[in-house]
Amino acid sequence: MRMVNFRASYNTGRLVIVLAVVLLVGFLLVPTHLQQIFQQVGSPVGWVMSWPLRAMDGVKDGLINVWNGYVALRGVEAENRELRKEIEYLKGQNNQLREAAAATARLAALLEFKQQANIPTIAAQVIGRDTGNWYRAIILNKGEADGLRPDMGVITPAGVVGRIVKTTAATAVVLLVTDPNNAIAGVVQRTRDEGIVEGTASGLARLKYIPMLSDARPGDQVVTSGLVGEFPKGLAIGTITKIHKEDGGLFLSAELTPVVDGEHVEEVLVIQSLPGSGEGKRQGTFKEKPTS
Amino acid sequence: MWSALIAVLVPLQSVLLPSVKIGGAMADLGLVVTCLTGVLGGELHGLLMGLVMGWVMSLFSVIDPVVAMGIKGVAGYVAGFAGRYLVALSPMIVAIGMGVLSCGAGLATALVLSLHDVQDGWWVLRVVVLPQAVLDALVGGVLYWGLASRYGIERWRGEYRIS
């Protein structure tokens, strides 16, 4: 039975092959425009078949996405963490470098000023502010052990900061020029009118006892007069913003904007006792940078 | 422990607090700690803490050391006295008391210091005394609340009140 079936199918197979070859050859011999009929007949079949193809493609894409997005990125998460750490570190380093660059610029200006000025000075850093609310003062990181003494003048390349009022072995307290309890001998640079610079309650300064007939006006610079011991002549104190008559009527008074913002200063120079200093005697003159 | 406390408080007061001034004034941590010491430890502790705190703080200030020691010492003593006779203390009561003591200490300081003419009574009140009293009250109340909620400070008070 099996032999019969085998033979039958064998003959059928041969028949099919022969028919197929004939059809193929015939198909090849058919003109091209007739071949389009097959294409057109196959179009709906293609459309139907396109759905499973698309579905399979979607599944494949999904799998690829899963692979790329999760499985293959297992290491990326750790790498990301490392990179974030590195960014934080570099940000910190960048900040430090900016800070160092700013400090270098300030210190370079301080050094240049120190070399220019013909006065002996000691460089110091500001490490704190007054522990109370009553005075405007800063704390320096140098004290008696470094040669600092009360009444020494404190300056920056820009101008006057204040004067030392108290020292310990390693620190010094500087009363700022903006404190009302401070007094510095000043002179209007243009008119040479002398007066006393004091701080005000609002944190600025004023020049008192300007002669009534003075020609001083807003915009004029006020500098140290060198009349008393702590500051040499010619250091900038502030710029006049307003002039008014004092209550007594004998003098004028000028409001000043200090050239140095004592609340934000970070490095200063302390003027050591000037050679030949004495009360009422003009002190060594600050040699201003020559402008070419 | 006291030395460590002072070693922490002085840099805090001199370096950190000036950066966080409110209304141009900052809290006086020395006064706050002195008053709390007085309240919790009694008059003697308050007085001693005030004297030490006033002296150390004055090293980093223009203020005269004797004035600072005197004002803080008296404040510590008064806080101790008040702490002994107050039956129940709460953070609110401590804050109010701290504010009153801070006002008293501020006015006394203004009277004792030879301030400049421009620093008149109104300036003293507006710029220093009242803002500082508010901040002292706030800091003192919060500190007391923190101590009370974490430690059994009523027991400490009980001990010194019995002795």
Note: among A:THR178, A:THR171, A:THR191, A:THR200, just one is farther than 29 Å from B:TRP123 by Cα, within 33 Å of the chain's Cα centre (by Cα) and of a type in the set (Ser, Thr, Tyr), namely A:THR171
Result of the Cβ filter at 9 Å on region A:144-156, keeping first residues that are touching a residue at least 40 places away in the same chain (Cβ under 8 Å) and partners that are part of a loop (DSSP other than H, G, I, E, B) and among the basic types (Lys, Arg), at least 6 apart or interchain, is A:LEU148/A:LYS142
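Here is a yes/no grid of residues against (1) within 14 Å of chain B (Cβ to nearest Cβ); (2) open to solvent by 30 Å² or more (accessible area, probe 1.4 Å); (3) free of Cβ contacts under 8 Å to residues at least 24 places away in the same chain; (4) over 23 Å from the mean Cα position of the chain (by Cα):
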| residue | (1), (2), (3), (4) |
| --- | --- |
| A:VAL76 | no, yes, yes, yes |
| A:THR104 | no, yes, yes, no |
| A:GLU112 | no, yes, no, yes |
| A:ALA123 | no, yes, no, yes |
- Query: Is it true that some residue in region B:64-74 is open to solvent by 60 Å² or more (accessible area, probe 1.4 Å), within 30 Å of A:VAL265 (Cα to Cα), facing chain A (nearest Cβ under 10 Å) and touching a residue at least 40 places away in the same chain (Cβ under 8 Å)?
  - Reply: yes
Meets criteria (open to solvent by 80 Å² or more (accessible area, probe 1.4 Å) and at pLDDT 50 or above) for A:SER273:
yes
Subject >> A:PHE251 vs. criteria modelled with pLDDT under 90, away from chain B (no Cβ under 11 Å) and surrounded by 22 or more Cβ atoms within 10 Å (Cβ to Cβ) >> reply: no
How many residues of region A:182-238 are in a loop (DSSP other than H, G, I, E, B) and either more than 25 Å from A:PRO120 (Cβ to Cβ) or open to solvent by 10 Å² or more (accessible area, probe 1.4 Å) (or both)? The answer is 24
The residue that is nearest to the other protein chains (Cβ to nearest Cβ), considering only those in region B:7-44 that are open to solvent by 30 Å² or more (accessible area, probe 1.4 Å) and touching a residue at least 60 places away in the same chain (Cβ under 8 Å), is B:GLY24
Among the residues of region A:156-179, is there at least one that is part of a loop (DSSP other than H, G, I, E, B), in contact with a Ser or Thr (Cβ under 9 Å, 6 or more places away or on another chain), away from chain B (no Cβ under 14 Å) and among the small types (Gly, Ala, Ser)? yes
With criteria (1) touching a strand residue (DSSP E or B) at 6+ places or on another chain (Cβ under 9 Å); (2) in a helix (DSSP H, G or I), A:GLN93 comes up short on (1)
Of (1) within 14 Å of chain B (Cβ to nearest Cβ); (2) modelled with pLDDT of 90 or more, A:SER202 satisfies every one except (2)
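Of all residues in region A:73-89, which are under 29 Å from A:LEU63 (Cβ atoms) and part of a helix (DSSP H, G or I)?
Applying the first criterion (under 29 Å from A:LEU63 (Cβ atoms)) to region A:73-89 yields A:73-83.
Hits for region A:73-89 are A:ARG74, A:GLY75, A:VAL76, A:GLU77, A:ALA78, A:GLU79, A:ASN80, A:ARG81, A:GLU82, A:LEU83.
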Pairing a residue in region A:42-60 that is open to solvent by 90 Å² or more (accessible area, probe 1.4 Å) with any residue that is of a type in the set (Gly, Ala, Ser) and at pLDDT 70 or above, where Cβ atoms lie under 8 Å and the two sit 6 or more apart in sequence or on different chains, gives none
Taking region A:138-172 and keeping residues open to solvent by less than 20 Å² (accessible area, probe 1.4 Å) and under 21 Å from A:VAL223 (Cα atoms) leaves A:MET152, A:GLY153, A:VAL154, A:ILE155, A:THR156, A:GLY159, A:VAL160, A:VAL161, A:GLY162, A:ILE164
With the first residue restricted to region A:128-140 and required to be more than 7 Å from every other protein chain (Cβ to nearest Cβ), and the second required to be open to solvent by less than 20 Å² (accessible area, probe 1.4 Å) and assigned to a loop (DSSP other than H, G, I, E, B), Cβ contacts under 6 Å at 6 or more apart or on different chains are A:ARG136/A:THR178; A:ARG136/A:ASP179
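The values are calculated or read from the model by the stated rules, or taken from the named source; none is laboratory data. No experiment lies behind these values; they were computed from the predicted model shown. Every residue, glycine as well, gets a Cβ built from its backbone with ideal geometry; the counts of neighbours run over all protein chains shown. Heads up: the accessible areas ignore ligands, DNA and RNA and are worked out on the full protein's heavy atoms, side chains in. Shrake-Rupley method; radii C 1.70, N 1.55, O 1.52, S 1.80 Å.
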